[in-house]
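Heads up: the structure comes next, in structure tokens.
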Amino acid sequence: MADLDGLKVAHNYYVDVPFQNNKGFYVKGANALDWGMKKHLAHIFNPKSGNTVMFAFDHGYFMGAAAGLERLDIEIPKLIPNIDVLMATRGGLRSCIDPALIGDKGIALRATSGSSMLDEDLSHEALAVDAMEASRMNADCLAIQTFIGADGELSSLDNLAKAVNFGQQYSIPILGVVAVGKQMERTPRFFKLATRILAELGANIVKTYNCENFDEVAAACPVPIVVAGGKKVPEKEALEMAYSVIQNGAHGVDMGRNIFQSLHPVEMSKAVRMIVHEKATAKEAYEFYEDAIHPVQ
Ligand code: R5P
């Protein structure tokens, strides 16, 4: 195999070496961006911890009235104090969330849409929000769903590229979302591939899932990763996941069901916040959660 001569085949992710292009601005990979772009990123990632608690309640865009999200107008406002960024659809925000409640919170606006959960193949989405609408909503970033390895891969990457083009023009960061469909792998190999592709195509933030060797996924992704919660699991497990990804290089969570489907969403969101911003361990956060839901009489 002469063509392998001199080729480095072993990967080295330098997981213990901090990101090197870090002089000037604290958000990973954002040094060369415009002032307006940095301002949005500073709104998303807390300048002190460098991390973010994003709360995803955009599920209605394909699930309709998902369990826990039947009434956005009732469920969401009480969670706002504990989160940094609301990830939602424009319809959900405009119809149910009073802008006066938003204060200094960021907005991650879902900007792609596709078919409903009744469809077998959910991997075909279209870009649904343009630059003008993003500015009207005062969005701090636009969430673009991508489907690496699925039937809709190419069109989803085309949506991402178009959003990056106008995002650069109007200083709106792009959050590339790694989707995991039924037919898609959930291996470290897949997540390394997908997260890196989205960053190389210009996403300023990447949302993905936890996996084995997550530290390598995070190290190889040159922009901040936020980790989705995924299906509802017991609170202890969700907090352990949040702790583990933060320890291994994530810059926050973008959690939905593990907050809004908890019997105690407010307490759960506070516990997540302790891990993301206050260096709490999973154990400390869970103890806080337990004490908060079973106060001593
Ligand atoms: C993404 O496709 C969904 O709309 C949610 O934003 C995402 O899955 C995060 O929520 P969860 O923590 O419930 O997975």
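Quick notes
- Residues considered: G114, G202. Of these, the only one that is under 21 Å from M87 (Cα atoms) and modelled with pLDDT under 95 is G114.
- Unmet requirement for W35, which otherwise passes all of (1) surrounded by fewer than 12 Cβ atoms within 10 Å (Cβ to Cβ); (2) at pLDDT 95 or above; (3) within 16 Å of the ligand (Cβ to nearest atom): (3)
- Set side by side, the residues A238, A228 differ, and just one is closer than 25 Å to P47 by Cβ and among the small types (G, A, S), which is A228.
- Subset tally (residues that are crowded, with 20+ Cβ neighbours inside 10 Å, in contact (Cβ under 8 Å) with a residue 40 or more places away in the chain and either closer than 13 Å to A139 by Cβ or within 14 Å of the ligand (Cβ to nearest atom) (or both)) for the stretch 62-88: 4
- Condition broken by A219, with the remaining ones in (1) surrounded by fewer than 24 Cβ atoms within 10 Å (Cβ to Cβ); (2) touching a Ser or Thr at 6+ places or on another chain (Cβ under 7 Å); (3) more than 17 Å from I44 (Cβ to Cβ) satisfied: (2)
- Members of the stretch 239-270 that are among the aliphatic types (A, V, I, L, M) and over 18 Å from the mean Cα position of the chain (by Cα): L263, V266
- Residue check for K232: without any contact (Cβ under 8 Å) to a residue 60 or more places away in the chain and within 14 Å of the ligand (Cβ to nearest atom): yes
- Among the residues making up the stretch 53-93, those that are of a type in the set (D, E) and touching a Ser or Thr at 6+ places or on another chain (Cβ under 9 Å) are D58, D73, D84.
- Taking the stretch 89-190 and the strands (runs of 3 or more DSSP E) fully enclosed by it, no element has 3 or more residues that are without any contact (Cβ under 8 Å) to a residue 12 or more places away in the chain and either within 16 Å of the ligand (Cβ to nearest atom) or under 21 Å from V217 (Cα atoms) (or both).
- Within the stretch 156-204, being under 26 Å from I107 (Cβ atoms) and of a type in the set (D, E, K, R) holds for D158, K162, E200.
- Scanning the stretch 138-163 for residues that are more than 17 Å from L201 (Cβ to Cβ), under 20 Å from the mean Cα position of the chain (by Cα) and either of a type in the set (K, R) or surrounded by fewer than 18 Cβ atoms within 10 Å (Cβ to Cβ) (or both) returns a single hit, N138.
- Condition met for H264 (within 18 Å of I44 (Cα to Cα) and at pLDDT 95 or above): no
- Condition check for V223: outside any helix (DSSP H, G or I) and within 16 Å of the ligand (Cβ to nearest atom): no
- Hits in the stretch 1-21 (condition: within 22 Å of V253 (Cβ to Cβ) and of a type outside the set (A, V, I, L, M, F, W, C)): Y13, P18
- Scanning the stretch 244-289 for residues that are within 13 Å of the ligand (Cβ to nearest atom), in a helix (DSSP H, G or I) and surrounded by fewer than 22 Cβ atoms within 10 Å (Cβ to Cβ) gives R257, P265.
The values are calculated or read from the model by the stated rules, or taken from the named source; none is laboratory data. Being a predicted model, the structure only gives us computed values, none of them experimental. Every residue, glycine among them, receives a Cβ derived from its backbone with ideal geometry; neighbour counts consider all protein chains shown.
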